[in-house]
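First the structure, which I've put down as structure tokens, then a few questions once you've had a look.
What follows draws every value from the coordinates through simple rules; no lab data is involved. Quick caveat: nothing in here was measured; it's all calculated off a predicted structure. So basically every Cβ, Gly included, is an ideal-geometry build from the backbone, and we count neighbours across all protein chains shown.
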Amino acid sequence: MDNVVLCGSSAYEKKYYLNPDYEGLPREVKKDLKMICVSYTEEIGGIFTMEYRPDGRLILKVESRDGDFDFDEIGSDLKIKQIRTKYGELMEALELYHKIIIEAKKDS
């Protein structure tokens, strides 16, 4: 089973994406998700996504194109740690939302 993308941002495309299945999230949460994703790619570069693993755990995934010398690999690790620290409670709540709301819809 594949990961389910919650949201993401690309420094290459200059775009932000929120999975339509999560439009029911509160406005403030959606605003925080956009801020997290866009600020990551503006500061670090590459492609940043927040994805649910099949077990429901939310992971932060980072990719960069081959030969992208603007991508800040060291800064990426630091930024990921900063996001996990600052938004740990939000991430736990999003995991719960995914299990209760999204998975329940699939099962019914």
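Suppose the chain between Ile100 and Glu42 were pulled fully straight at 0.36 nm per residue; how much longer would it get relative to their current alpha carbon spacing?
Full-extension gain reported as 17.6 nm.
Quick one: what do you get for the range 52-108 if you divide its Cα Rg by 2.2 N^0.38 Å?
1.48
In a Gaussian network model over the chain where Cα atoms closer than 10 Å are linked, find which of Met91, Met50, Met35 has the largest mean-square fluctuation.
Met35
Kirkwood Rh, Cα Rg: Rg to Rh for the range 4-107?
0.98
Please report the relative contact order for the range 4-107, taking Cα pairs under 8 Å with a sequence separation of at least 6, and give it as a percent rounded to a whole number.
Numbers: 119 pairs, mean separation 25.7, N = 104.
With pairs under 8 Å counted, the relative contact order is 25 percent.
Just grab the label-to-label distance for Arg53 and Lys86, each label 7 Å out from Cα along the Cβ direction, in nm (one decimal).
That separation, rounded to one decimal, is 2.5 nm.
Now for a separate question. Which of Asp32, Asp21, Asp66 ends up with the largest GNM mean-square fluctuation for the chain, with Cα atoms connected below 10 Å?
Among Asp32, Asp21, Asp66, the largest GNM mean-square fluctuation belongs to Asp66.
In the range 58-99, whose amide N lies under 19 Å from the spot 7 Å out along Cα-to-Cβ of Asp2? List them in ranges.
It comes to 58-64, nothing else.
Okay, moving on. Using a Gaussian network model on the chain with a 10 Å cutoff between Cα atoms, which of Ile74, Ile44, Ile59 fluctuates the most?
Comparing Ile74, Ile44, Ile59 in the GNM, the peak value goes to Ile74.
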